[in-house]
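Below you'll find the structure, written out as structure tokens, and then a few comments.
The values are calculated or read from the model by the stated rules, or taken from the named source; none is laboratory data. What you see is a predicted model; the values in this text were computed from it and never measured. For neighbour counting, all protein chains shown are included, and Cβ atoms are generated from backbone atoms with ideal geometry for every residue, glycine included. Side chains are part of the model used for accessible areas, which takes the heavy atoms of the whole protein and leaves out ligands, DNA and RNA. Shrake-Rupley method; radii C 1.70, N 1.55, O 1.52, S 1.80 Å.
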2 protein chains.
Amino acid sequence: MNKYAHETVPTEYIETDGVRFAYRRFGRPGRTPLLFLGYFNSNMDAWDPVVTNSLAADHEVILFDNAGVGASGGETPYTVAEMTRDCRTFCAALGLSAIDVLGFSLGGMIAQQLTLDDPQLVQRLILLGTGPRGGEGMTFTELSAEEQADPIAFLLGAFFSPSDASQAAGREYVKRLDSRKEDRDLPVSGNSAVAQLAAIREWGTVPASNRYATLKNIAHPTLIVHGSKDIVVAPINALVLAERLPNAQLIVYPDSSHGTHYQHTPLFLEHVNLFFRAGDSSGDER
Amino acid sequence: MNKYAHETVPTEYIETDGVRFAYRRFGRPGRTPLLFLGYFNSNMDAWDPVVTNSLAADHEVILFDNAGVGASGGETPYTVAEMTRDCRTFCAALGLSAIDVLGFSLGGMIAQQLTLDDPQLVQRLILLGTGPRGGEGMTFTELSAEEQADPIAFLLGAFFSPSDASQAAGREYVKRLDSRKEDRDLPVSGNSAVAQLAAIREWGTVPASNRYATLKNIAHPTLIVHGSKDIVVAPINALVLAERLPNAQLIVYPDSSHGTHYQHTPLFLEHVNLFFRAGDSSGDER
């Protein structure tokens, strides 16, 4: 265990291919590192410290800003495929040859593409609130690059259900996001948000043929987690993934939206630990 | 802990309302008993001893044959509603005032109806390989009352996926079913099978209006478990339940069919224990 936690780990930088990537690396070294890939318009500070610190007890955790995002240099590209290329560049610069990946929403799209593009690099996948390429209702017509002008209202409306219990969990989550006081990340620029939105819309476009055809090639042990009332990525997309990924386990939590893992956090963390402990999710865990 | 296990617990009988019900009761008394409700054409011997014995470590487990099934007297009715009435009669005869219910397939239909009809009786629900009233493709047109002429072929074909890993798990499951040597249950009669088939088809009929309208009334903590390739009850039905039951958690396991919980058994048992331990699944588990 190194000495840092989510709140205290310094932001580091590594430059490669002309891009200076910002990242934070902490937790328990020695096992496969766990790379976090975040949602639309988010930076490293958007991760819940309860989740990152808890997973850091058993894993080395790596947060980073992809090209053009937050404190990283370069420009945000307009497709998930190019974001994935940038992510691979970052991994190569750090000398990572085997990683587990936790991707949330847009991050889950990049995680899928990364696994397809570099199946040797990725060992295990955790896909949160995301969907397959060309999924159901994933063109995000109601989302805009300015959506987060009031970030707290955005989070409470999109990540949590309207119920009192969910909204209360949302307010707790928002509070936790403030626990890191020093060395905060830079906000996501408008240009980057525009590019990210284009990328998720391109990802969500239903292809003329062979919809979902590539999913069978992601045979890695995968844990899919989704909210039963996710208003950003409809829950059917999680089932599409679970039905087509050869080795995926799906968990849906009740009365929760896009941020279900920040609402049912203790149970989510227990399920993640079970997933990692099981060795795989194919029944070989006996 | 009483002295019996799945393999050794004697079959007992209790007569009420003119029906003599066969049942087996074992495990750890003192907490809410866990009532098992089985699938189409099955009797008490069809439960996996690994599942019943494992859950009996923390719960009193009650297996029974509903009216007209196996060693029970009476006649099997032609609707889930009437089967539920018989189940309540049995519970009342045993003096049960609070139970948890684990229902598999047809048993999960009865479990839902029981919760609607007697919401005070049922505390927690586990729904395995089942679907809502009027679900998707739940008229079971390919099922017949004679289906189980070759019961092992039926089980391997319907409960397990075609993959080598799943078929191997299926053969292990079939072996485990033989571990009880004495005091075996009676087979399900042809008449009972015909009635059960009518009941599940009636349950599966899509209503002219208000489809799924009653699901919001099952607010009990619920764990739904389904196989990603369930060929008997399509996985979409599990998602329909998860989206509409107010307090349900859904888990889907990979490469598995109707008997997914008999394939991913160790992980399933860990998930069930987490479900019970969490107190509920609504986020209050903190």
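Results, tabulated for the structure shown:
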{"read-out": "The stretch B:93-119 - residue that is in a loop (DSSP other than H, G, I, E, B) and touching a residue at least 12 places away in the same chain (Cβ under 8 Å) and, of those, most open to solvent (accessible area, probe 1.4 Å)", "value": "B:SER97"}
{"read-out": "Exclusive hit being under 17 Å from the mean Cα position of the chain (by Cα) and either within 11 Å of chain A (Cβ to nearest Cβ) or open to solvent by 40 Å² or more (accessible area, probe 1.4 Å) (or both), set B:PRO235, B:PRO207, B:PRO254, B:PRO246", "value": "B:PRO235"}
{"read-out": "Count of residues meeting criterion [of a type outside the set (Ser, Thr, Tyr) and closer than 19 Å to A:SER189 by Cβ] in the stretch A:48-79", "value": "13"}
{"read-out": "Given (1) within 24 Å of A:SER189 (Cβ to Cβ); (2) touching a Lys or Arg at 6+ places or on another chain (Cβ under 7 Å), number of the condition A:LEU106 does not satisfy", "value": "(2)"}
{"read-out": "Residue in the stretch A:172-190 that is among the aromatic types (Phe, Trp, Tyr) and at pLDDT 95 or above present", "value": "yes"}
{"read-out": "Restricting the stretch B:261-277 to residues that are within 19 Å of A:TYR253 (Cβ to Cβ) and more than 8 Å from chain A (Cβ to nearest Cβ), the residue that is surrounded by the fewest Cβ atoms within 10 Å (Cβ to Cβ)", "value": "B:ARG277"}
{"read-out": "Criterion: in a helix (DSSP H, G or I) and closer than 23 Å to B:HIS258 by Cβ - qualifying residue of B:THR141, B:THR84, B:THR76", "value": "B:THR84"}
{"read-out": "Residue satisfying all of: in the stretch A:184-204; open to solvent by 70 Å² or more (accessible area, probe 1.4 Å) and part of a loop (DSSP other than H, G, I, E, B); nearest to A:VAL9 (Cα to Cα) among these", "value": "A:ARG184"}
{"read-out": "The listed residue being buried (at least 21 other Cβ atoms within 10 Å of the Cβ), in contact with a helix residue (DSSP H, G or I) (Cβ under 9 Å, 6 or more places away or on another chain) and part of a strand (DSSP E or B), out of A:VAL61, A:VAL51, A:VAL69", "value": "A:VAL61"}
{"read-out": "Search result, residues across the stretch B:148-174 that are open to solvent by 70 Å² or more (accessible area, probe 1.4 Å) and either among the small types (Gly, Ala, Ser) or more than 14 Å from chain A (Cβ to nearest Cβ) (or both)", "value": "B:ALA149, B:ASP150, B:ILE152"}
{"read-out": "Residue check, B:LEU215 more than 11 Å from every other protein chain (Cβ to nearest Cβ) and either surrounded by fewer than 23 Cβ atoms within 10 Å (Cβ to Cβ) or not polar (S, T, N, Q) (or both)", "value": "yes"}
{"read-out": "The stretch B:72-91, residues that are of a type outside the set (Lys, Arg), more than 18 Å from B:ALA198 (Cβ to Cβ) and open to solvent by 20 Å² or more (accessible area, probe 1.4 Å)", "value": "B:GLY73, B:THR89"}
{"read-out": "Set B:ARG25, B:ARG31, B:ARG20: member being at pLDDT 95 or above, of a type in the set (D, E, K, R) and more than 26 Å from B:VAL174 (Cα to Cα)", "value": "B:ARG20"}
{"read-out": "Every pair of residues 6+ apart whose Cβ atoms lie under 8 Å, when the first sits in the stretch B:146-168 and is closer than 20 Å to A:ARG244 by Cα and modelled with pLDDT of 95 or more while the second is open to solvent by 40 Å² or more (accessible area, probe 1.4 Å) and of a type in the set (Lys, Arg)", "value": "B:SER161/B:LYS229"}
